[in-house]
1. Reported to two decimal places, what Rg/Rh ratio describes the protein assembly as shown when computed on Cα atoms with Rh from the Kirkwood expression?
2. Rounded to the nearest angstrom and ordered from largest down, what semi-axes does the equivalent ellipsoid of segment A:89-289 get from its C-alpha gyration tensor (root of 5λ)?
3. Looking at chain A as a GNM with Cα springs under 10 Å, which of A:T104, A:T215, A:T195 has the largest mean-square fluctuation?
4. Report Rg/Rh for segment A:177-242, rounded to two decimals, where Rg is the Cα radius of gyration and Rh the Kirkwood radius.
5. Quick one: which residues, 5 or more positions from B:T332 or on another chain, have an amide H under 5 Å from its amide H? H modelled 1.01 Å from N in the peptide plane, none for Pro or chain starts.
6. Based on other C-beta atoms within 10 Å, arrange C:H95, C:H124 from fewest to most.
7. Around B:A127, with a cut-off of 12 angstrom between Cβ atoms, what is the net charge of the other residues, counting Lys and Arg +1 and Asp and Glu -1?
8. Quick query: amide H of B:M87 versus all other amide H atoms, modeled in the peptide plane; which residues come in under 5 Å with a sequence gap of 5 or more or a different chain?
Amino acid sequence: MTAADIQTTPQRWWHSRGFRRFAQHRLAMVGMAMLFLLTLACIVGPYLLPYDELYIDLRARFSPPMTDDHYLGTDPLGRDIAARLLMAGRISLLVGFFAMVLSTAIGTVIGVVAGYYGGKVNSVLMRFVDAFLAFPSIFLLLALAAFINPSPVMITIIIAVTGWMEVARIVEAEVKSLRERDFVLAGRMLGLRNTHIMFRELLPNMVGPIIVAATLTVARAILLEAYISFLGYGIQPPLPSWGNMLNGAQQYLATAPWLAIIPGITITIAVTSFNFIGDGLRDALDVRTDPA
Amino acid sequence: MEFSKMNRRKALTMLGLTGAAGALSPNLLVSPAFAAKPEEPTGQIVVGVSQEPTVFNPLMPRIEVDDGVHLSLFDGLVRISPDGEFMPSLAAEVPTIENSGLSEDGLNWRFKLRDDVTWHDGEPFTAEDVKFTLELIVDPNFRSWRTTGHDLVRDIEVVSPTEIKWRMEEPFAPYMSILVETLMVPKHILGPLEDRNEAPFNQAPVGTGAFKWGSRRAGDNLELVANTDYFGDGPYVERLIFKYIPDLTVLYTQFKSGDIDITSNQYITPDNYAEAKDLAGKEVTVVPSSTVESVFLNYEKPQFQDKAVREAIYAAIDKQTIIDALYYGLPTPTESYLPQQSFFYNPDLPKHEYSIEKANTLLDDAGWERGSDGIREKDGVRLSFGNSTTSGNHLREQAQQFIQQSLGDVGIEMTIENKPPAVMWGEYWTQSQFDSVIVGIVFTTGADADVTVRFSSDAIPVQGGRGSNTGQYKNSDVDDLLEEAGRIFDQEKRKEIYARVQEIVRDDLPLLPLFQYATVRGHKEGLKGVEPNINTRIDTWNAAQYYWDQ
Amino acid sequence: MAGYLIRRLWQSIVLLIIVSMIGFGVLHLTPGGPLSQYALTPGMTQDAMDRISEQMGLNRPLPIQYLDWAWRMLQGDWGTSYRDQQPVLTVIGRHLFATMLLMVSSTVISIALGTWIGIRGATHRYSTFDYAATVGAMIALSIPTFWFGLVGIYIFSLELGWLPAGNMYTIGDGSVLDYLHHLILPSIVLALVNIAIWSRYMRTATLDVINQDFVKTARAKGVSERRVLMKHVVGNALLPMITLAGMQLPNLLSGALVTETVFTWPGMGRLFLDSLGYNDYPVVMGLLMFSAVLVILGNLIADIVAASIDPRIRLA
């Protein structure tokens, strides 16, 4: 018998009531549906389109949407925007997803350790968190981007490295409030190792807030990738990403507005989906958060 | 240094002349024959610039756009006309052997100065100022941008307030071109200061030029006002305003709307040319610039050791399509690193021929076999390299991706590694850490064809050299030729040597020349006196002569 | 309270030191340097670059450079911009005005609109309006700001020609009206996210108040709905409003950055990006410290206000 069993098992409670509430959350369901369709389009779409996302055809440059087979038009190099958009979706969504996984992992570990040990450890780690938060994230991003060749993997890593602080704070606060609870004390008395208590006993109690934060982190990561790629420091061409498709679009705003409009709408749809889902999860899991 | 007898006189007469020999009247630069110049400076001109002028001491490191301001505020001893002729400016005459300004061996220089020049604060300009300027440039504590040539100057002697002479350590033919870019600063202001790097002068300069320092609203605009005591022709407007508009699209919009009167650096983007040239009330012209765009290779990288590879890459680049489709047909394809308007340009270089087939054959014959992934390989070297440029230059980024696709067709992998400017042009560039870059470079020294700092084996920074040969190009023939051309003063002879250098460089292909830039410049129709000058770095070189048609 | 403040102050100083060290280190270790902008200048040679870099003290060991910078900073000398050749404080001060202008106008817009939307949403709970506001806020939080700016420019500047596409004022004009004209689009773009946050906040706050006994009592007494709301909701929301404004302080730099880039607005955000692009170390460090102080100040204000509202939060 472990300490967790003394407690009412949180998982099952979450499964039944939380899930039902989530399923009834209309916005969350809309978000799920949009995300599902978007993902599906990104996975299957490129196979159905007549053009390769890398195929350059200068004779067809700047074709407006619905020209021939270019349903969404072409870019300044005559590449098919629909094909690029969907391939970009794969990259942008994956970058967003893995950046979330990574930053949530970093944030959780730091938050748990800081919250559990308290005292000096807490002070040092949380000052570190504060210090990271005191930088404009774009500074860290651009500075880090200067060190590396911005491949999708590296972009994922640097977005994660600059985005774990919120999770750390949330987790730290949760752990602090749970630290003195019976099941933790019981665990200690049973002589369980600290790592066991932290990650086996405490962590399951914080799944709700972490999931909510993680969902919002995906949204944030997608926006960040878009922004740094828009500035030209993110994913490098010819690999498309939603952000780098917007790079240079301002220049053609008057002559080829679709270059800017299409990827932007797609980003908004993706990010909105995650925010809807996050909102639903927050309600369903009864997570207290700031009014925002 | 040996000149043949027959040649000697001619040689020294030629110093400073490109093409036509002959007496240089100090009045040659006097305005084109337009009638309606105002008697008094009238009105203002707003110059739109996309980079902000921030350095106002003309001897300190600066960027192109700063030059435009410097040339309005300051003068050099000599200046250069659009045809490449040297003109006296602060000097009363350009030194030649006839007027005994130069010794026959090219070692002794003597300048006679104008006696009617005053600084903006009313102090007279004298030979002391010239001496001070030349000495300041080589002062080890001063942050000067170029010491080349100046470091050969010895024994400067002020003969009289209007005459100065010095000796050169060794003959150095490009020095006149360098003097054109050496603008004089006042001794009476900078001389007494201990720290010239942080002098107040640097933010409120005092020159001899057609315009005086007005005010600066940093991050926004810079206002110069007419110097009514200017010794030369002009100025004809009361105020010259440099308006900083960091976005080229906005720059163009403001030009269209009439908010700015003339576009300067970086001008109108090529994609707007078609529309711009038909704008009512605007004069829009395509002006060749001396910047040559190339795929610049790092000669030392194993991928580029084989000449066949360099030739194959060159053959696989569809230059004409890049120019026509991406750059709207504005730039001129080129085979040389020199601008085609240069006196030293060699027009007989072999013409580039776009041929995927030829590229493939070259590589096949040289033994570069395609691997399983389609990328060629030879002796363990994979034909894959990085290519960088500064992020944000959209046309260049498009060309880059286009080239990437072409190279892919012949089994060469080019990966794009673009960087922010500060990173790109840092050690990455200066210490030759790149594989290849796409870059536009001005190779000349002023209007001179001396390219020692770019191509000499002694100029490779990463190998301890003193120049900017970051591509690590090495060819002993080129070294010898450059050395020779720098020491002789006969321009025709120098032209021959530089023609040979261009030939060798074209053959070695340390850089794959794409095109010579052309800029789309525009100004309002009523604005007169605007004249492009390929021998200067910036178009507002003669703002003194700008005026509004009455 | 005093003990708490002293402790927080001490923590803040430690934090500032950490921030400055990380910032300085990252900045100087980044490849490239302030001289790279001259690398392509014709005639610029490596020995000239080396000499200049020596004169500027860029060759010294990093810790020495840091200590030198920190020591000057302590004496109030923020250094001189490499690019502008002007004192860092002057440079920052100049851009501060543009950013403040933008921040103030966008804050006014977001508080006004946010308050209205929030209160209306709460009083008409579950109405179409409420639902649209909820969804709208969520979407507003999801739109990439820079893209929203582009769309704004496309519609209002290029297509309709109503508003300028960028800049803070027209050269040669610069009247108040002209400034306002230029302010509209960037302010709205910048306000978008805050309208969303603020309206959500006001909605929650209003709902809390509405359900409290004294409001029910007041209503029962026949006090008009509007007066109750104005008095209690806005009164109660005042402190949180300060909190939120406090939390907004740090955004002075990063929040406006995107908007300023798109609209070529001569503010701090663009200064930051430009300076970073040129590796203008003194200015970037100055801005980083400036923004760090704002972040810390913002957090402090938020914490103190939170504590003074809610006695349950111990000032621990």
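1. Here Rg/Rh amounts to 1.01.
2. 37, 18, 12
3. A:T195
4. For segment A:177-242, the value is 1.34.
5. B:Q516, B:A518
6. Result, fewest neighbours first: C:H124, C:H95.
7. Here the charged neighbours net out to +1.
8. Placed amide hydrogens put B:R79, B:I80, B:S81 under 5 Å from B:M87.
A short reminder: the numbers here are calculations on the coordinates, not readings from a lab. Predicted model, so just to flag it, every value in this text is computed and none were measured. Cβ: placed from backbone, ideal geometry, glycine included. Neighbour counts: every protein chain shown.
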